[in-house]
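Visitor: Below is one structure. I have some questions about it.
The values are calculated or read from the model by the stated rules, or taken from the named source; none is laboratory data. What you are looking at is a predicted structure, and each value in this text was computed from that prediction instead of being measured. Cβ sites come from the backbone with ideal geometry, for glycine too, and all protein chains shown count toward neighbours. Surface areas here come from the heavy atoms of the whole protein model, side chains and all, with no ligands, DNA or RNA. Shrake-Rupley method; radii C 1.70, N 1.55, O 1.52, S 1.80 Å.
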Amino acid sequence: MSKVASKSVSSYLFKSSVGKKAIMALSGLFLITFLIVHVGINSLVLLNDGGKTFSEWAHFMGTNPLIRILEIGLVAGFLIHIIDGFLLWKENHDARPVKYAVSNANANSKWYSRSMGLLGTLILLFLIVHTAHFWIPNRANQFATGEELDLYNLMKEAFSKWYNVLIYVAGCFSLFWHLLHGFKSAFQTLGLNHVKYNKLIEIAGIAFSIVVPTLFAIIPIVFYLNIIK
Amino acid sequence: MAVLDSKVPDGPLENKWTKYKSTVPLVSPANKRNLEVIVVGSGLAGSSAAATLAELGYKVKVFCYQDSARRAHSIAAQGGINAAKNYQNDGDSVYRLFYDTIKGGDYRSREANVYRLAEVSASIIDQCVAQGVPFAREYGGMLSNRSFGGTQVQRTFYAAGQTGQQLLLGAYSALMRQVGMGTVKMFSRHEMLDIVVIDGKCRGIIARDLVTGKLERHFGHAVLLCTGGYSNVYFLSTNAMGCNVTAAWKAHKKGAFFGNPCFTQIHPTCIPVSGEHQSKLTLMSESLRNDGRIWVPKKKEDAEAIRKGLKKASQIPEEDRDYYLERRYPAFGNLVPRDVASRAAKERCDAGYGVNATGEAVFLDFTYNTKRYGTIEANKRGLTNISDEEIMALGREVIKEKYGNLFDMYKQITGVDPYEEPMQIYPAVHYTMGGLWVDYNLMTTIPGLYALGEANFSDHGANRLGASALMQGLADGYFIIPYTIGAYLSNEIKTKPIPTDATEFNEAEKQVKERIERFFSIKGTHPVDHFHKRLGKIMWDKCGMARNAEGLQWAIQEIRKLREEFWKDVRVPGDPYCLNPELEKAGRVADFLELGELMCIDALHRNESCGGHFREEYQTPDGEALRDDANFSYVAAWENKGDTWELHKEELRFENIKIAQRSYK
Amino acid sequence: MKVTLKVWRQKNKEDKGRFETYHLDDVSPDMSFLEMFDVLNEKLILEGKEPVAFDHDCREGICGMCSMYINGRPHGPLQGVTTCQLHMRSFKDGDTIVVEPWRAKPFPVIKDLVVDRSAFDRIIAAGGFISVNTGNAQDANSIPVRKEDADMAFAAATCIGCGACVAACKNASAMLFVAAKVSQFALLPQGQPERYTRVLNMVAQMDAEGFGNCTNTGACEAECPKGISITNIARLNRDYLKAALI
Ligand SMILES: Cc1cc2nc3c(=O)[nH]c(=O)nc-3n(C[C@H](O)[C@H](O)[C@H](O)COP(=O)(O)OP(=O)(O)OC[C@H]3O[C@@H](n4cnc5c(N)ncnc54)[C@H](O)[C@@H]3O)c2cc1C
Ligand code: HEM
Ligand code: HEM
Ligand code: SF4
Ligand code: F3S
Ligand code: FES
């Protein structure tokens, strides 16, 4: 087999289908780790201590230099995930220029596994709204004054409006479906697959997709219902 | 009558091939690069030959009518491939494989060829394993074997029920490797429609690009026909829809002799015809006869009741069943060779004991052995005191493990669950031992034109043993032609490629074109299949499992009439310059309509019964085949003379084997 | 039984194509789906129309030639069955059946229901083999193979190259087909020397043909008539990343 050209690692990763998918999976898994931290800190709100613990952590996250650097990584992670996702979506779309007149895809696959682009886009829309609520004003303020905003009260205010609550809950639903496929899919993409562990990965994926979005979703609801003051 | 020169090398049988290999003229690597070989067919024979020749350095072109080389009908072979490896230490040897094949073929094949086949058989397995063919293995990691009809040793290598598929994919991968390296040029969706003979030598072919409909000319220093068998002359057979005789037939019309055309193999265990619409028949592997018992009702009333759907097999009590194979052949029972089993089924059905609506089916019943396995299983697990139902359930698991995929296939096709009711089976045409006559070099009577695999007449005599066709196809392609072609091509190194605008190419293409135009000009009233079905019925009734002079004479007349009618009344729709499956079929059926006549002529002239050829006039008092070695120990090689044929005989000499009556009682 | 057929008709690659509706009144439940098409074609020929072109050969589920997208699913409503093994008893009297060709950019329609799958051949030519010339082989039993590996390799090797995986995949990805071949050899000792070059070459060719990317929806596995498992895709991914990164 002579043909193999020893191409550079980057060309394998960025140009081949399998490479592009690997990047998708790696960025996805990276975002998953972010979600763990994010949901962890957010959940502190549920302690119902008037945001004391939450604010301490938020302050730490907002000022710690290491976290500041990691945040750049996070933004990059999102960008890579989104751009790569778009490239894949485009290629996949183009691979079937003439669509079927009748398609009974539900007979062979789950709708959410086929709708990752759509779900991702919904998440993206959510994120735009979401960062407009907290992250952008906060960073803008930090940049301008060096002072952080009171995120706890910002949240309280935002989640006093029913439509914001709705947007967040909907965002969490999108995230749920996205993760329900994405979590185990990432392992399959990376070839991390073994008869002995497949079941474990699957169960972990389902658990993660349920627990994390649910925790996220509870927060705006409890604020709105004034359960948390 | 010209004497055919088989070109068998001198010397003792065991040394012939070795000596041949070390003395055959060679072609130097530099010269090989300038020699072009055309391979028609991409089955086991074609793919293996093309890949090997390309590895040696020849420039190769391969043609097949399917959309990919991988789809040749070798893909459908189920059971296995024989090889004299003696891995089981059960006394197998080259000689024994040789002996079994000659005997199985009812002493109508050429000793030297068969011996060579047995000799190279072991290398085939080595080659296939090296290619990554996933044969079945034992827990220790070694290759597993099973046994097949007509042998007493376990020499059959297999890959579940898909041996042909795995072997073909192995050969196909070797072929595609060469395609990737540019040494083979692949022409799929191309049908060869004629050969081109220049100065008495075969120099190329005319092929039709089935997608564009354009006719193409291709030059080759030599042409290899690896185009498979012609069972489809019967319309219904276990062959693929596209299997045809066209390539061989065109060569025949240009001077290649046709050997033993009437030798056809009828396989006893196929799913019976279910109705008028039937387009092909499906084989149920021979291995089923290991555990299935074949029977029909003893009483005609019962048979009738079953036919009418008033009774089920399970309602016929044991004492009213006729296990006719066990009755007639106590020594081999249900495992008699294919020809014997097929004829016995026909005999019962003709006598009125057939069991499906058409009256042409017998039962293949697994109840007895299901129960037997169930009991063994129960003992193994130390279960006592369990009900019959539970025993049957245990037995069914064993059966499922062994034949699950076949049972599923049966259910899919018939809609009947064979775990509940016995299978219904009936013989069907399966393989053609006859084919283009070739010498020891596999060359036909046209210099430069070779025939390999099922397309030639060579190694199986009047009956082929199970698991030997795959062996032959790969032997021809991997290990024989690469040597024997040197004998011819070493004299061709000075021959420059002949431009394809030579008059012979023009002439051949013109003829092909005229014939195609003729099809369209008829604008008759019946589609091609109509004629094919009628031909098939004549052949099946008169030149099938049992033949007689009167029937054959009648058939010859009928086929002639049918052929005339075809050329007056066939309707071929569409136009020639596009994908046109009806046109393809028309060409094939037109050739079958000529071949059918020759088959009947051959069957009529052979006044004996041997192997798959059973002439009702020539049988022993208890209905067994009666050979006539004094008068018919020869290969009948037919030369085409326009509308008639001339017979040439290649006498068969058995110097290393004692001829005996085949007996399975 | 009676059926109404809506069949994709397209003269050639360039033609735009459209559906045509046909009615068959006398269909036997014992007919195979392709035999039903034989009946349709006979009728069309007698009416002076062009019969429907469709690919088929063995009609016993092994050659991989037949390829119809029936009521929104490749090879029709049953699992583990090719079009040629589908029987009319799987439909109901009075059903309307929509039949389309495989749809994928690398599988252009040639005519009616016939598509060009030569891309598969080119992928195999790029690396779907073990480089061993005839005559080079050592004795077959000198390479012991664990039975489990042999069985898994066999399961992967049963792919018939029909393309239903591509047809079913929302991305028209050929990953299952490619992964089956890559896995067969990756599981066998004979396949080791070329294991990593093979996967790189085959994937490169697959990409060049224009197939989509696998997003692990699993439709291919569900529709594959031979039940090829997507664990093979994971194995391909693993081997590819190893080959690319290490
Ligand atoms: C259902 C079934 C089961 C079998 N099981 C076994 C078994 O278990 N063991 C065993 O040993 N044998 C078995 N056999 C027999 C064996 O499979 C065949 O004899 C053997 O595979 C034939 O191989 P081949 O290469 O000669 O021809 P094929 O594989 O038939 O190939 C013929 C090739 O020629 C091409 N071709 C034909 N005509 C033309 C043309 N005019 N132009 C261009 N190309 C053309 C075709 O495209 C194809 O590529 C079985 C056969 C059948 C039908
Ligand atoms: C910003 C919006 C997002 C977009 C547009 C997006 C888009 C996509 C797309 C198109 C895929 C596709 C591939 C597939 O179908 O498998 C994908 C996969 C994935 N996404 Fe996202 N996504 C987004 C956000 C997220 C977030 C927030 C996470 C996790 C926290 C995430 C985790 C994953 C994972 C794990 C995969 C699976 C990778 C694989 O299949 O190998 N995504 N995403
Ligand atoms: C519904 C409950 C959620 C709440 C209450 C919440 C709250 C917050 C808050 C307060 C911040 C600001 C942090 C800062 O400025 O330092 C933030 C940032 C962010 N959130 Fe959320 N969030 C929620 C859900 C989500 C979800 C579901 C996602 C992702 C899919 C997400 C992604 C982000 C991102 C990307 C940032 C900016 C990153 C950063 O701070 O560096 N959030 N969130
Ligand atoms: S993987 Fe399955 S669906 Fe795909 S080509 Fe092979 S057999 Fe067909
Ligand atoms: S359906 Fe397509 S998305 Fe992957 S798992 Fe199969 S190739
Ligand atoms: S026609 Fe061969 S698989 Fe269907």
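Visitor: Set the bar at 23 Å for Cα to Cα. Now go through A:Lys7/C:Lys242; B:Lys346/B:Lys400; A:Lys110/B:Lys400; B:Lys402/C:Lys92; B:Lys250/C:Lys49 and name every pair that lies beyond it. Show your work: numbers first, answer last.
Guide: Working: A:Lys7/C:Lys242 14 Å; B:Lys346/B:Lys400 29 Å; A:Lys110/B:Lys400 32 Å; B:Lys402/C:Lys92 34 Å; B:Lys250/C:Lys49 31 Å.
Over 23 Å Cα-Cα: B:Lys346/B:Lys400; A:Lys110/B:Lys400; B:Lys402/C:Lys92; B:Lys250/C:Lys49.
Visitor: Could you tell me the distance between the Cα centroids of the range B:30-45 and the range B:176-192, to the nearest Å?
Guide: The two parts, judged by their Cα centres, are 10 Å apart.
Visitor: Looking at the range C:96-246, I'd like the Rg to Rh ratio, where Rg is from alpha-carbon atoms and Rh is Kirkwood's inverse mean 1/r.
Guide: Rg/Rh for the range C:96-246 comes to 1.00.
Visitor: Right, something else. Which three extents, in whole angstrom, do the alpha-carbon atoms of the range B:239-329 cover along their principal axes, largest first?
Guide: Largest first, the range B:239-329 extends 59, 34, 23 Å along its Cα principal axes.
Visitor: Summing -39500 (n - 2.57) over the DSSP H runs of n ≥ 4 in chain C and dividing by its residue number, what mean residue ellipticity at 222 nm do you reach, to the nearest 500 deg cm²/dmol?
Guide: The helix contribution divided over chain C gives -10500 deg cm²/dmol.
Visitor: Another question about this same structure. For C:Ile228, what accessible surface area do you get with a 1.4 Å probe? Give it in Å², rounded to 10.
Guide: Roughly 10 Å² of C:Ile228 is accessible to a 1.4 Å probe.
Visitor: Let me ask something else. Please report how far the C-alpha centroid of the range C:97-162 lies from that of the range B:453-501, rounded to the nearest whole angstrom.
Guide: Comparing the Cα centres of the range C:97-162 and the range B:453-501, I get a distance of 26 Å.
Visitor: Then there's this: Measure off 7 Å from each Cα along the Cα-to-Cβ vector at A:Glu157 and B:Asp541, then give the distance between these two points in nanometres to one decimal.
Guide: 9.7 nm
Visitor: A further question follows. Please find the FRET efficiency linking A:Ile83 to A:His194, where r is the Cβ-Cβ separation and R0 is fixed at 30 Å, and quote it to the nearest 0.05.
Guide: Efficiency at R0 = 30 Å is approximately 0.45.
Visitor: So how do B:Lys85, C:Lys49, B:Lys201 rank on accessible area, 1.4 Å probe, biggest first, that is with the largest at the start? Kindly include the intermediate steps, with their values, before the conclusion.
Guide: On the way: B:Lys85 30, C:Lys49 105, B:Lys201 65 Å².
The residues order as C:Lys49, B:Lys201, B:Lys85, largest area first.
Visitor: Across 5 Å bins from 0, what is the distribution of all Cα-Cα pair distances for the range B:314-450, in whole percents?
Guide: Reading upward from the zero bin: 2, 8, 13, 15, 16, 14, 9, 6, 6, 5, 3, 2, 1, 0, 0.
Visitor: Turning to a different aspect of this structure: Quick one: Debye curve from the alpha-carbon atoms of the range B:62-156 only, equal weights, vacuum; give me log10 I(q)/I(0) at q = 0.20 Å⁻¹ to two decimals.
Guide: -1.08
Visitor: Put a dot 7 Å past each Cα toward the Cβ at B:Lys300 and B:Arg515; how far apart are the dots in nm?
Guide: Label at B:Arg515, label at B:Lys300, 4.8 nm between them.
Visitor: In square angstrom, rounded to the nearest 10, how much accessible surface does A:His38 have for a 1.4 Å probe?
Guide: For A:His38, solvent-accessible area is about 50 Å².
Visitor: Next question. Picking from A:Thr63, A:Thr33, A:Ser103, whose Cα lies most toward the positive end of the charge dipole for the range A:1-127 (charges on Cβ: Lys, Arg +1; Asp, Glu -1)?
Guide: Farthest towards the positive end: A:Ser103.
Visitor: Next question, about the same structure. Which FRET efficiency, nearest 0.05, do B:Met181 and B:Ser314 yield, Cβ-Cβ r, R0 56 Å?
Guide: 0.40
Visitor: Moving to a separate point now. How big is the Cα convex hull of the range A:1-145 in projection, averaged over all directions, in nm²?
Guide: Here the figure is 14.3 nm², rounded to one decimal.
Visitor: With all distinct Cα pairs included, what does the Kirkwood hydrodynamic radius of the range B:276-335 come out to in Å, to one decimal, could you say?
Guide: Working: mean 1/r = 0.0743 Å⁻¹.
Final number for the Kirkwood radius of the range B:276-335 is 13.5 Å.
Visitor: Would you mind computing the Rg to Rh ratio of the range B:117-206 from its alpha-carbon coordinates, Kirkwood style for Rh?
Guide: That ratio is 1.12, to two decimals.
Visitor: Considering lysine pairs in the range B:1-153 that are 8 or more places apart or on different chains, how many have Cα atoms under 20 Å apart?
Guide: Details: B:Lys7/B:Lys16; B:Lys7/B:Lys19; B:Lys7/B:Lys21; B:Lys21/B:Lys32; B:Lys32/B:Lys59; B:Lys32/B:Lys61; B:Lys85/B:Lys103.
Going through the range B:1-153 pair by pair, I get 7.
Visitor: Additional query: For chain C, set up a GNM with springs between Cα atoms under 10 Å and report which of C:Val182, C:Val132, C:Val115 has the largest fluctuation.
Guide: Looking only at C:Val182, C:Val132, C:Val115, the biggest GNM fluctuation is shown by C:Val132.
Visitor: Principal axes first, then extents: for the Cα atoms of the range B:251-304, list largest minus smallest coordinate on each axis, whole Å, largest first.
Guide: Computed over the range B:251-304, the largest-to-smallest principal extents equal 54, 31, 20 Å.
Visitor: Suppose each label sits 7 Å from its Cα in the direction of the beta carbon; what would the B:Thr525-A:Thr121 distance come out to in nanometres?
Guide: Placing both labels 7 Å along Cα→Cβ, they lie 6.1 nm apart.
Visitor: Quick one: net charge of B:Val196's neighbours, Cβ under 9 Å, K/R +1, D/E -1?
Guide: Value of the local net charge: -1.
Visitor: Then there's this: To the nearest 20 debye, what charge dipole does the protein assembly as shown have about its Cα centre, counting +1 at the Cβ of each Lys and Arg and -1 at the Cβ of each Asp and Glu?
Guide: Taking the Cα centre of the protein assembly as shown as origin, the dipole is about 2160 debye.
Visitor: May I ask for the equivalent-ellipsoid semi-axes of the range B:1-111, computed as the square root of five times each C-alpha gyration tensor eigenvalue and listed largest first in whole Å?
Guide: Output for the range B:1-111: semi-axes of 29, 23, 17 Å.
Visitor: Lys and Arg at +1, Asp and Glu at -1: add these up for the other residues within a Cβ distance under 13 Å of B:Phe258 and post the number. Mind showing how you got there, number by number?
Guide: Details: positive: B:Lys250, B:Lys253, B:Lys254, B:Lys641; negative: B:Asp591, B:Glu594, B:Glu597, B:Asp602, B:Glu639, B:Glu646, B:Glu650.
Charge balance near B:Phe258 sits at -3.
Visitor: Sorted from largest down, what three extents in whole angstroms do the Cα atoms of the range C:1-75 have along their principal axes?
Guide: Projected onto the principal axes, the Cα atoms of the range C:1-75 cover 33, 29, 23 Å.
Visitor: Let me ask something additional. Work the Kirkwood hydrodynamic radius out for the range B:305-346: mean of 1/r over every pair of different alpha-carbon atoms, inverted, in Å. Don't skip to the end; give the middle numbers.
Guide: On the way: mean 1/r = 0.0848 Å⁻¹.
Taking the inverse mean of 1/r over all distinct Cα pairs, the range B:305-346 comes out at 11.8 Å.
Visitor: Here is a follow-up. Quick one, what does Rg over Rh come out to for the range B:546-665 if you take C-alpha atoms and the Kirkwood Rh?
Guide: Numbers: Rg = 19.0 Å, Rh = 17.2 Å.
So for the range B:546-665, dividing Rg by the Kirkwood Rh gives 1.11.
Visitor: Can you tell me the orientation of helix B:549-569 relative to chain B, as the angle in degrees between its alpha-carbon axis and the longest Cα principal axis, to the nearest 10?
Guide: Its long axis makes an angle of about 60 degrees.
Visitor: Once you treat every alpha carbon in chain B as an equal point and sum by Debye, what is log10 I(q)/I(0) at q = 0.05, 0.08, 0.10 Å⁻¹?
Guide: Computed log10 I(q)/I(0) values: -0.22, -0.58, -0.92.
Visitor: Defining a contact as two alpha carbons under 8 Å apart and six or more residues distant in sequence, what relative contact order in percent does the range B:291-351 show?
Guide: So the answer I get is 33 percent.
Visitor: Right, next: For the range B:177-273, taking Cα atoms only, what is the radius of gyration to one decimal and the Dmax to the nearest whole Å?
Guide: Values for the range B:177-273 (Cα only, Rg and Dmax): 16.2, 49 Å.
Visitor: Charges on Cβ only, +1 for Lys and Arg, -1 for Asp and Glu, centred on the Cα centroid of the protein assembly as shown; of C:Leu46, A:Met24, A:Gly73, which one is farthest towards the dipole's positive end?
Guide: Positive-most Cα among the choices belongs to A:Gly73.
Visitor: Ignoring everything but the protein chains, give the 1.4 Å probe accessible area of B:Thr495 in square angstrom, nearest 10.
Guide: 40 Å²
Visitor: Quick one: what does P(r) look like for the range C:33-91 with 5 Å bins over all Cα pairs, in whole %?
Guide: Here the calculated profile for the range C:33-91 is 4, 20, 26, 24, 15, 8, 2, 0.
Visitor: Additional query: Just in the range B:207-300: which trypsin sites (Lys or Arg not before Pro) are loop by DSSP and have at most 14 other Cβ atoms within 10 Å?
Guide: Those satisfying the criteria are B:Lys214, B:Lys299.
Visitor: Just check the range B:333-376 against the gyration tensor rule for me: Cα atoms, a ≥ b ≥ c as the square roots of the eigenvalues, rounded for a/c under 1.5, and otherwise prolate or oblate depending on whether a/b exceeds b/c.
Guide: oblate
Visitor: Let me know the shape class of the range A:43-102, please: from the alpha-carbon gyration tensor, a ≥ b ≥ c as square roots of the eigenvalues, rounded when a/c is under 1.5, otherwise prolate if a/b is greater than b/c, or oblate.
Guide: Since a/c reaches 1.5 but b/c is at least a/b, the shape of the range A:43-102 is classed as oblate.
Visitor: Let a ≥ b ≥ c be the square roots of the eigenvalues of the Cα gyration tensor of the range B:592-662; is it rounded (a/c under 1.5), or, if not, prolate (a/b larger than b/c) or oblate?
Guide: Cα axes put the range B:592-662 in the oblate bin.
Visitor: Pairs of alpha-carbon atoms within less than 8 angstrom and 6+ residues apart define the contacts here; what relative contact order does chain C have, in percent?
Guide: Across chain C, relative contact order equals 20 percent.
Visitor: Could I ask something else about it? Which one of C:Ala208, C:Gln184, C:Gly218 has its Cα pushed farthest toward the positive end of the charge dipole of the range C:159-246, where Lys and Arg give +1 and Asp and Glu give -1 at the Cβ?
Guide: My answer, from the dipole projection, is C:Gln184.
Visitor: Continuing with this model, one more query. May I ask you to list the trypsin sites (Lys or Arg not before Pro) in the range B:379-449 that are in a DSSP loop and have at most 16 other Cβ atoms within 10 Å of their Cβ?
Guide: For trypsin sites (Lys or Arg not before Pro) across the range B:379-449 that sit outside H, G, I, E and B with at most 16 neighbouring Cβ atoms in 10 Å, the list reads B:Arg381.
Visitor: Assuming R0 = 45 Å, what is the FRET efficiency of B:Lys641 and B:Ala331, from their Cβ-Cβ distance, to the nearest 0.05?
Guide: 0.45
Visitor: Of all the C-alpha pairs in the protein assembly as shown, what % are more than 38 Å from each other?
Guide: Here the tail beyond 38 Å accounts for 54 percent of pairs.
Visitor: In the range C:71-136, which trypsin sites (Lys or Arg not before Pro) are in a loop and have at most 11 other Cβ atoms within 10 Å, using DSSP for the loop call? Could the numbers behind the result be given before it?
Guide: Numbers: sites: C:Arg89, C:Lys92, C:Arg103, C:Lys111, C:Arg117, C:Arg122; in loops: C:Lys92, C:Arg103, C:Arg117.
Sites meeting the loop and neighbour criteria: C:Lys92.
Visitor: Any idea what the relative contact order of chain A is, in percent, if you count C-alpha pairs under 8 Å spaced at least 6 apart?
Guide: 29 percent
Visitor: Where the centre of each part is set by its Cα atoms, how far does the range B:194-214 sit from the range C:55-77, in angstrom?
Guide: Taking the Cα centre of each part, the range B:194-214 and the range C:55-77 sit 32 Å apart.
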